[in-house]
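Engineer: Before anything else, here's the structure in question.
Just so you know, all these numbers are worked out from the coordinates, no wet-lab data involved. Because the structure is predicted, anything quoted here is derived from the model rather than measured. Backbone-built Cβ (ideal geometry, glycine too); neighbour counts: all protein chains shown.
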Amino acid sequence: MSSELINKYFRMNKLPHIWCPGCGHGILMHSIVKAIDNLGLNKDDVCIVSGIGCSSRAPGYMDFNTLHTTHGRALAFATGIKLANPKLEVIVISGDGDSSAIGGNHLIHAARRNIGITTVIFNNSIYGMTGGQYSPTTPTGDKGTTAPYGNIDNNFDLCRLAEAAGATYTARSTAYHANMLIKQVENGIKNKGFSLIEAISVCPTYYGRKNKKGDSVKMMEYLRDAGINVNKAKNMSSEELADKIVIGEFNNISKPEYTDQYQNIINRLQGER
Amino acid sequence: MSKNVKLMQGNEACVEGALAAGMRFYAGYPITPSTEVAELSSLKLPQVGGKFIQMEDEIGGMAATIGASLAGLKSMTATSGPGFSLKQENLGYACMAEVPCVIVNVQRGGPSTGLPTSPSQGDVMQAKWGTHGDHPMIALTPSSVKETFDLTVKAFNFAEKFRTPVILLLDEVVAHMRERTEIPDQSEIEVIDRKKPQKDLDTYNPYKVVDDTLVPPMAAYGEGYRFHVTGLSHDVTGFPSNDGVIAKNLLNRLMDKVNDNMDELSIYENYKMEDAEIAIVAYGSTARSAKSAVDAAREEGIKVGLFRPMTIWPFLANQVKELDNKVNNIIVAEMNLGQYSLEVERVCKSANVIHYGKINGELITPNEILSKIKEVL
Ligand SMILES: Cc1ncc(C[n+]2csc(CCOP(=O)(O)OP(=O)(O)O)c2C)c(N)n1
Ligand code: SF4
């Protein structure tokens, strides 16, 4: 089954990938492809855009229209693509640093516009590619190579951030909960407007080692045990939720989509002639 | 046929030129003195089925411009001063990934937020070297409203033909002054479109040269080619490569596709240079003052002429060398501390190169240039 997917959607000559053994990014990439397959999208109509980082290497392996941009700018490039050709199913793959530090401004504005882009954030709680510096999602108190005494920054809740900014679909799952992630990516793509799916990944090489989280298997077990469904979480106290990861769909609403709105302007002007 | 004559601004002529050249996408962030370019684009683009978007910042504006071009639309962004600095990283991306687009920079006094409403020609070097690494750059600079129209068309044509970003370097005077401007009929305007691949869906390589132009044909996303684009050094397939030879060959090709076409890219005017003993070099609005100064000096019997580059990058070394052979004194007048003058000096072996600059946010007057001519005599 998996090998069928590989033949159908991956660039065989670009594999094996460069991710470390035990990295969660491969599972997340597979989930996206599985979602595309489940939806039966035409490969030529899908455009996958990334920024820079370990996660952002994914499009190179995937046999679609692919674009590897500058650090943090994937959503801005993607906005140009989507507006220029709204028929394209534009999917952005981005790291937590890529999307919320350097690219934070593009993230909130893409959400605010409710432009039809599905963003999947591979959140490994660290800057992987540059070797383990803390990111805006590194839990407060955790260590990174630039937080040797423990990170004192408060960390972002990316789903709440995106929802507050205007995203019409937000959801979270983890590399352990891959089946849930597949469903969420499907729903994100089906949503006409801006969708954000936060996929918690594991980076045993940097985040794991720096914070004594054990090997990849240990880290995956942690994701399994920490994952609490949003419906269950509603009845839990903040103390009970302290070390948990709330997963599931947070919102899924309908609002006018940006490129549709712009097309309405064009139609109106051209109709007036 | 009735002529389409209008009183318009440089910034407006820029948008009209862009539309005539086929612009169908604009993304940017407003900044004085370039704002009218965005405003008029937002008004006109949807009327022709094109798209305008005001992005959250200049970085996003440059990024979206590149994205739209990759999706097949002729795209432009406009900015000034600090905004131009913000665009530089993605401008380099467009060079490396060979994405045609036009970047308008209406220069204003700097550094930093500097003199936001005053004229300057302070971004000549930034236009060439603002991004990191070596790369080719095409930058054009008009002196009048009509020329702004013409050079904007040229900028799009060069971008499409050479598959590269092209900068249109305006100064505040040209951008904001109003002049009687005759817009040619669309049928009289040469419009060049990017070369497309020959339906070779399975064998298409986005960076493979297929003829003697050094410019690979360019597909758009969504046309069935499924190609990869990156800002990393890449091979003909578009995929990253760390191979030093591939990196070197790629950069050399990028340089050559511009340098090998100097004849076509060199746009300039020689004014009263035939018998000149002194040459003025000036561009943009300063060239207008220089022209008046030449006329005034001629009336006093001084043999002086003007060389006016409209192509500011690549540097018109051959034409400047000719000046060097012809005259003993070359006065370079520009609203900066000597950016173009240094380039002129670099190629002049015998002539004296004298810089006349102004950085107080005022334009250079004909009288000031005339005085400089008399000093040199
Ligand atoms: C303008 C710019 N600043 C910094 C960098 C260096 N850089 C590359 S990847 C990266 C962080 C990547 O972290 P993240 O987005 O979390 O992805 P990960 O590698 O962890 O998957 C940084 C800081 C860069 N390439 N460009
Ligand atoms: S550094 Fe971390 S995120 Fe990057 S490939 Fe290795 S394990 Fe994955």
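Engineer: Could you please state, rounded to a whole Å, how far the C-alpha centre of segment B:337-358 is from the C-alpha centre of segment B:238-284?
Structural biologist: Cα centroid to Cα centroid, the span is 18 Å.
Engineer: Across chain A, how large is the tail of the calculated P(r) beyond 33 Å, expressed as a percent of all Cα pairs?
Structural biologist: Here the tail beyond 33 Å accounts for 18 percent of pairs.
Engineer: Roughly how many debye, to the nearest 20, is the charge dipole of chain B about its Cα centre, given +1 on each Lys and Arg Cβ, -1 on each Asp and Glu Cβ, and no other charges?
Structural biologist: 240 debye
Engineer: Return the subset of A:34/B:199; A:255/B:51; A:210/A:232; A:82/A:255; B:196/B:257 for which the Cα-Cα distance in this structure is over 24 Å, preserving the input order.
Structural biologist: A:34/B:199; A:210/A:232
Engineer: Same structure again: Label-point separation (nm) for residue B:198 and residue A:252, each offset 7 Å from Cα along Cα-to-Cβ?
Structural biologist: Each label point is offset 7 Å from its Cα along the Cβ direction, giving 4.9 nm.
Engineer: Still on this structure, I have one more. Counting only other residues whose beta carbon sits under 11 Å from that of residue B:42, what net charge do I get with K and R as +1, D and E as -1?
Structural biologist: Result for the local shell: 0.
Engineer: Quick check: Cα centre of segment B:295-326 to Cα centre of segment A:72-149, how many Å?
Structural biologist: Each part's Cα centre sits 51 Å from the other's.
Engineer: Something else now. Can you find, among B:280, B:170, B:258, the residue farthest towards the positive end of the dipole of segment B:148-301? Put +1 on the C-beta of Lys and Arg, -1 on that of Asp and Glu.
Structural biologist: B:258
Engineer: Right, another one. Ordered by residue, what ³J(HN,Hα) values in Hz, to whole numbers, does segment B:207-217 give under the Karplus form 6.51 cos²θ - 1.76 cosθ + 1.60, where θ = phi - 60° and Gly and Pro are x?
Structural biologist: Running phi through 6.51 cos²θ - 1.76 cosθ + 1.60 with θ = phi - 60° gives 10, 9, 6, 10, 9, 8, 8, 6, 10, x, x Hz.
Engineer: Karplus couplings for segment A:103-108 from phi (6.51 cos²θ - 1.76 cosθ + 1.60, θ = phi - 60°), rounded to Hz, Gly and Pro as x?
Structural biologist: Values per residue, Gly and Pro as x: x, x, 5, 5, 4, 5 Hz.
Engineer: For residue A:250, what residues show an amide H to amide H distance below 5 Å, using hydrogens built from the backbone and excluding near sequence neighbours?
Structural biologist: Here the answer is A:170, A:171, A:172, since their amide H atoms fall under 5 Å of that of residue A:250.
Engineer: Using only the Cα atoms of segment B:85-176, construct the convex hull and provide its projected area averaged over every direction, in square nanometres to one decimal.
Structural biologist: Averaged projected hull area, Cα only: 5.5 nm².
Engineer: While we're on this one: Which value, in debye to the nearest 20, describes the size of the charge dipole of the protein assembly as shown about its Cα centre when Lys and Arg Cβ atoms bear +1, Asp and Glu Cβ atoms bear -1, and nothing else is charged?
Structural biologist: Its charge dipole is roughly 1340 debye.
Engineer: Would you list which lysines come within 24 Å of residue B:358, measuring only between C-alpha atoms, while excluding same-chain residues fewer than 8 positions from it?
Structural biologist: B:128, B:291, B:372, B:374
Engineer: Okay, moving on. Enumerate the calculated ³J(HN,Hα) couplings along segment B:247-264 in order (Karplus 6.51 cos²θ - 1.76 cosθ + 1.60, θ = phi - 60°), each rounded to whole Hz, writing x wherever the residue is Gly or Pro.
Structural biologist: Listing the rounded values in order: 4, 5, 5, 5, 5, 4, 5, 4, 5, 5, 5, 8, 5, 6, 10, 4, 4, 5 Hz.
Engineer: Now, a different point. Starting from the Cα of residue A:234, draw a straight line to each of the aspartates and glutamates and keep only those under 20 Å, dropping any in the same chain fewer than 8 residues away.
Structural biologist: Within the straight-line cut-off, residue A:234 pairs with A:157, A:163, A:198, A:225, A:243, A:249.
Engineer: Which residues' amide hydrogens lie under 5 Å from the amide hydrogen of residue B:139, considering only partners 5 or more residues apart or on another chain, with H built in the peptide plane?
Structural biologist: Distant-sequence amide H within range of residue B:139: B:167, B:312, B:313.
Engineer: While we're on this one: Angle between the Cα long axis of helix A:25-39 and the longest principal axis of chain A, 0 to 90 degrees, nearest 10?
Structural biologist: The angle comes out near 30 degrees.
Engineer: Once every Cα of the protein assembly as shown carries one equal point scatterer and solvent is ignored, give the base-10 log of I(q)/I(0) from the Debye formula at q = 0.05, 0.07 Å⁻¹, two decimals.
Structural biologist: Rounded to two decimals, the profile gives -0.26, -0.50.
Engineer: Too long at a 22 Å Cα-Cα cut-off: which of A:14/A:192; B:6/B:195; A:212/A:244; A:87/B:74?
Structural biologist: Pairs exceeding the cut-off: A:14/A:192; B:6/B:195.
Engineer: On to the next question. Assuming R0 = 56 Å, can you tell me the calculated FRET efficiency for the pair residue B:85 and residue A:237, based on Cβ-Cβ distance, to the nearest 0.05?
Structural biologist: Efficiency at R0 = 56 Å is approximately 0.70.
Engineer: Here's something else I'd like to know. I'm checking a number: the convex hull volume of the Cα atoms of segment B:27-141, normalised per residue, in Å³. What is it?
Structural biologist: Cα-based convex hull of segment B:27-141, divided per residue, equals 95 Å³.
Engineer: Now for a separate question. Could you please state, rounded to a whole Å, how far the C-alpha centre of segment A:215-273 is from the C-alpha centre of segment B:12-50?
Structural biologist: Rounded to whole Å, the Cα centres lie 36 Å apart.
Engineer: What's the local net charge at residue B:3, with K and R +1, D and E -1, over the other residues with C-beta under 13 Å away?
Structural biologist: Its environment carries a net charge of 0.
Engineer: Also, quick follow-up: Give me the extension gain from residue B:245 to residue B:6: residue separation times 0.36 nm, minus the current Cα-Cα distance, reported in nm with one decimal.
Structural biologist: 80.7 nm
Engineer: Give me D for segment B:138-232 in µm² s⁻¹, whole number, from Stokes-Einstein with Rh from the Kirkwood sum over alpha-carbon pairs, 4 °C and 1.567 mPa s.
Structural biologist: It comes out at roughly 82 µm²/s.
Engineer: Check the straight Cα-Cα distances from residue B:3 and name the lysines below 18 Å, setting aside those fewer than 8 residues away within the same chain.
Structural biologist: The qualifying lysines are B:146.
Engineer: Right, another one. Going by a ≥ b ≥ c, the root eigenvalues of the Cα gyration tensor, does segment A:1-109 fall in the rounded group (a/c under 1.5), the prolate group (a/b larger than b/c) or the oblate group?
Structural biologist: Oblate, since a/c reaches 1.5 and b/c is not below a/b.
Engineer: Hey, another quick one. Considering amide H positions built from the backbone, and no H for Pro or chain starts, which residues 5 or more places from residue A:69, or on another chain, come under 5 Å of its amide H?
Structural biologist: A:50, A:51
Engineer: Working from Cα positions, state the angle (0 to 90°, nearest 10) between the long axis of helix B:81-97 and the longest principal axis of chain B.
Structural biologist: Around 50 degrees separate the two axes.
Engineer: Something else: Report, to the nearest 10°, how far helix A:178-190 tilts away from the longest principal axis of the Cα atoms in chain A, using its own Cα long axis and a range of 0 to 90°.
Structural biologist: 20 degrees
Engineer: What does the charge add up to near residue B:86, with Lys and Arg as +1, Asp and Glu as -1, over the other residues with Cβ less than 9 Å from its Cβ?
Structural biologist: Around residue B:86, the surrounding residues sum to -2.
Engineer: Follow-up question, since we're still on this one. Go ahead and set up a Gaussian network model of chain B, Cα springs under 10 Å, then flag whichever of B:245, B:344, B:99 fluctuates most.
Structural biologist: Evaluated over chain B, the most mobile residue of the options is B:245.
Engineer: List A:10, A:194 from most exposed to least, where exposure is judged by having the fewest other Cβ atoms within 10 Å.
Structural biologist: Listed from fewest to most nearby Cβ atoms, that is A:10, A:194.
Engineer: If you bin the C-alpha pair distances of segment B:286-377 every 10 Å from 0, what whole percents do you get?
Structural biologist: 17, 52, 30, 2
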